[in-house]
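J.: Right, I'll just put the structure down here and ask away after.
The values are calculated or read from the model by the stated rules, or taken from the named source; none is laboratory data. The model shown is predicted, which means the values in this text are computed figures rather than measured ones. A quick note on method: Cβ atoms are made from the backbone with ideal geometry, for glycine too, and the neighbour counts reach across all protein chains shown. Just so you know, the surface numbers come from the protein's heavy atoms only, side chains and all, with ligands and any DNA or RNA stripped out. Shrake-Rupley method; radii C 1.70, N 1.55, O 1.52, S 1.80 Å.
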Amino acid sequence: MVDFSLNGKVAVVTGAGAGGIGEAYARALGQAGASVAIADINGEAVAETGRRLSALGLKVLTVETDIASPDSVKAMAAAVEKEFGGIDILVNNAAIMAGIPRTPLVEFDLEWWDRVMRVNVRGALVCAQACVPSMVARGGGKIVNQVSMGAFYNWGLYGISKLALVGLTYGLAKELGKQNINVNAIAPGVISSAAGLSLVPPGSPFMASREATTAMNPLGTPDDLCGALLYLVSPAGKYMTGQCLNVDGGAIFRL
């Protein structure tokens with residue numbers, strides 16, 4: 001049988017304070033046997049998520065973290081190592097999506113541009129830089145970057161940032177493979193999280209177009225992504241690296 005067990009592993013999930021995908025990922029990792037550190041810039045929200053996961057009997061650490069700040073991320077990694085002894089898995093889920101202005105790129109506010117890139121791309125690199133030394137010391141590890149099907153559509157700055165994160169995934173995979181660290185990405189379709197539905201509400205023209213062209217159901221749930229995550233971070237996915245998995249019901253078809 002293929003091994004999906006994470007017993008004895010330590011995982012970090014960023015952006016897990018608002019429920020939705022981050023919480024689903026953390027819950028799945030914990031139920032597979034991992035100790036899970038959940039990090040989010042919203043301290044109250046991440047504490048509430050931690051209480052829900054702890055009530056399920058999962059081993060959870062909550063850390064208020066700003067992934068745009070290297071000092072904050074280093075402190076998070078140190079707290080995880082102190083509590084759990086090291087880091088084996090990093091899930092870069094935190095991102096800015098809602099609220100990004102929908103203006104033409106030639107007119108785009110450069111402060112917004114810098115803010116989104118600082119979180120969505122640079123933040124993932126900052127987290128990798130903080131967690132990789134522990135992975136190396138423990139003989140290897142897994143990094144999963146949360147991108148989006150928006151990376152393969154014309155989804156403005158958000159899509160551009162996620163396409164850049166795909167590129168970062170490939171670069172890290174190439175550099176870290178010889179150190180037994182797998183680096184992959186998951187590109188969700190439209191997900192029924194609060195953030196996803198705020199951008200693409202049911203009945204919107206975009207959802208109508210997705211219903212017409214997506215092979216299966218165009219609207220997924222956070223739990224629909226967890227199988228791909230567990231494959232990528234468990235022994236089952238040990239020979240998979242430098243890949244971007246589209247988990248979207250058949251919205252994107254790539255050659």
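J.: Check GLU111, GLU83, GLU107 and return the single one that is open to solvent by 60 Å² or more (accessible area, probe 1.4 Å), at pLDDT 95 or above and within 18 Å of LEU6 (Cβ to Cβ).
T.: The match here is GLU83.
J.: Take LEU245 and decide whether it is in a helix (DSSP H, G or I) and either open to solvent by 20 Å² or more (accessible area, probe 1.4 Å) or in contact with a strand residue (DSSP E or B) (Cβ under 8 Å, 6 or more places away or on another chain) (or both).
T.: So LEU245 does not fit the description; no.
J.: Right, something else. Somewhere in the range 82-105, is a residue in contact with a Leu (Cβ under 6 Å, 6 or more places away or on another chain) and closer than 24 Å to VAL166 by Cβ?
T.: The answer is yes; a qualifying residue exists.
J.: Report, ordered by the first and then the second residue, all pairs with beta carbons closer than 9 Å, sequence separation of six or more or different chains, a first member in the range 170-196 that is assigned to a helix (DSSP H, G or I), and a second member that is polar (S, T, N, Q) and open to solvent by less than 10 Å² (accessible area, probe 1.4 Å).
T.: If the second residue must be polar (S, T, N, Q) and open to solvent by less than 10 Å² (accessible area, probe 1.4 Å), the pairs left are LEU172/ASN145; ALA173/ASN184.
J.: Quick one: which of ALA39, ALA18, ALA45 is in a helix (DSSP H, G or I) and not aromatic (Phe, Trp, Tyr)?
T.: When all the criteria are applied, what remains is ALA45.
J.: Going through ALA45, ALA24, ALA68, ALA32 one at a time, which residue ends up being out of contact with any strand residue (DSSP E or B) (no Cβ under 8 Å at 6 or more places or on another chain), open to solvent by less than 60 Å² (accessible area, probe 1.4 Å) and either under 19 Å from ASN182 (Cβ atoms) or of a type in the set (Lys, Arg) (or both)?
T.: Going through ALA45, ALA24, ALA68, ALA32 in turn, the sole match is ALA32.
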